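To start, the structure itself, in structure tokens.
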Amino acid sequence: MWFDTHAHLFLLEGPHTVEQNPPVTFSEVIQAAIDQGVTRILCVGIDVETSRRSIKLARQFPDRVWAAVGIHPNSASSASLADWDEIVELARDHSVVAIGETGLDWYRDYTPPPVQVEWFEKHWALAKELGKPLVVHCRDAEKDITEILSRWAREGVLRAVMHACAAPWEVVSRWLDWEGIVISFAGSVTYKNTKFAPIRETAQHVPSDRILVETDCPYLVPEPYRGRVKASVPLHVKDTGYFLAKLRGVSPEELAAQTTDNAIRTFGISPPKKGY
Ligand SMILES: [Zn+2]
């Protein structure tokens with residue numbers, strides 16, 4: 001049984017619409033994943049509207065789908081303080097098990113860096129107040145993220161998922177010195193290009209009690225579907241999971257159990273019921 005710890009289910013509509021005839025609905029995508037062993041999904045908001053929709057999906061699929069609420073660094077430039085008030089309100093919902101997606105993105109320039117840092121800090125304060133983990137996006141920003149995390153770790157209990165990890169092992173090994181950090185791998189770990197080789201090296205080294213797996217759907221379609229389908233869906237977490245299992249020399253069943261246990265612990269959700 002797999003846990004897709006990072007899915008933007010609401011983005012499967014519009015330009016990323018899953019190519020199927022007749023078109024599939026969110027419910028069908030989720031049900032298909034559940035029926036085929038991806039029994040748990042964290043739906044991650046990127047702004048107020050999608051955070052609200054994530055909660056709605058979580059309510060529709062109790063004990064299967066949970067929500068994370070936040071303002072993505074690339075959405076932060078268009079967010080207002082009223083939006084933040086709403087995130088703070090939504091974050092208290094019982095289906096919300098993490099705060100984010102937040103973080104720093106130095107690859108895109110949708111939001112000026114100081115503004116991104118300011119929003120990242122807001123998310124941290126909220127996560128700390130509510131005792132929920134952060135979901136962190138780190139793109140070409142390893143150095144600054146490490147500095148910020150190190151400061152936070154000195155200030156209090158730091159709990160965070162480093163999502164779609166693309167950082168080299170020398171950086172990730174530092175992150176892992178902070179107890180509450182877990183590392184999540186997406187489809188990019190399966191990519192054959194040499195530029196993705198450091199992700200594989202990192203994925204070999206992360207201890208078995210600190211690793212998660214995700215799709216980041218609709219992005220990062222894993223091999224063997226890369227270039228063949230338009231959007232990834234939660235079901236694809238199994239392809240990334242099988243790849244990781246082989247890379248780490250464990251059975252897929254073992255990796256599924258480890259990553260699911262780690263996610264359940266990280267998000268503080270109730271332990272599995274029989275048959276889940
Ligand atoms: Zn994401």
Legend entry - Selection from LEU212, PRO222, ILE148, by position along the positive dipole direction of segment 95-234 (Cβ): PRO222
Inset, instruction - List, largest first, the extents of the alpha carbons of segment 2-267 along their principal axes, each in whole Å. - result: 41, 41, 33
Legend entry - Zero-based 10 Å bins, Cα pair distances in segment 158-260, whole percents: 16, 51, 29, 3
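Report, in debye and to the nearest 20, how large the dipole of segment 2-267 comes out about its Cα centre when Lys and Arg carry +1 and Asp and Glu carry -1 on their Cβ. Write out the running numbers ahead of the final one.
Values: 28 positive and 36 negative charges, 99 e Å.
For segment 2-267, the charge dipole is close to 480 debye.
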Legend entry - Between segment 23-90 and segment 242-273, the alpha-carbon center distance in angstrom: 22
Inset, instruction - In whole Hz, with x marking every Gly and Pro, tabulate ³J(HN,Hα) for segment 62-71 from phi via Karplus 6.51 cos²θ - 1.76 cosθ + 1.60, θ = phi - 60°. - result: x, 6, 10, 10, 10, 10, 10, 10, x, 10
Inset, instruction - Taking the Cβ of PRO112 as the centre, find all other residues whose Cβ is under 13 Å away and add up their charges (Lys, Arg: +1; Asp, Glu: -1). - result: -2
Inset, instruction - Quote the relative contact order of segment 2-267 in percent (integer), defining contacts as alpha-carbon pairs under 8 Å separated by 6+ residues. - result: 20
Inset, instruction - Please list, in chain and number order, the residues 5+ apart from TRP2 or on another chain whose amide H is under 5 Å from its amide H, with Hs placed from the backbone. - result: VAL38, THR39, ARG40
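No lab work stands behind these numbers, since they all come straight from the coordinates. Every value quoted in this text rests on a predicted model; they were computed, and no experiment measured them. Here the Cβ is made from the backbone with ideal geometry for all residues, glycine too, and neighbour counts use every protein chain on show.
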